[in-house]
Amino acid sequence: MKPESRSVLLVTATAALAALAAVGVTLLLFPDAVAATTPATAPAPAPEALSWGFVGAALATGLSTLGAGIAVGKLGAAAVGALAEKPELFGRLLMLVGLAEGIAIYGLIVSILILNRLA
């Protein structure tokens, strides 16, 4: 495996783990956030729970976006070099860049799920 591929894989895995860690920390600190309650009977969350939920959502979005940006930067530079040599690789390289960008979307979805639990 090339060193560039290894670093992109490491950054992608780190971003995914950071998003999962943000969810895990939120759920460990506030296990009642997972309880199934109806909106009509749900008690208002404590201000402390709201603040930690916002921190978890911010970490999920921020760290996954940071990891995706690093991955796209490294992968994009390698893709431009590969396209200069073999233009027929465009579709494959576009798919790889899209996969790296998907990490940011996963972090955004996780933060939306956290914020829905707080509402």
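Selection within segment 98-119: residues that are in contact (Cβ under 8 Å) with a residue 24 or more places away in the chain and more than 15 Å from the chain's Cα centre (by Cα). The member of this set that is surrounded by the fewest Cβ atoms within 10 Å (Cβ to Cβ) is 118. Taken residue by residue, segment 43-64 has no member that is more than 14 Å from residue 22 (Cα to Cα), surrounded by fewer than 16 Cβ atoms within 10 Å (Cβ to Cβ) and among the polar types (S, T, N, Q). Scanning segment 44-87 for residues that are charged (D, E, K, R) and more than 22 Å from residue 100 (Cβ to Cβ) yields one hit, 48.
None of the figures in this text is laboratory data; all of them are computed from the coordinates on show. For clarity, every value in this text was computed on a predicted model and none was experimentally measured. Please note: Cβ atoms are built from the backbone with ideal geometry, for glycine as well, and neighbour counts cover all protein chains shown.
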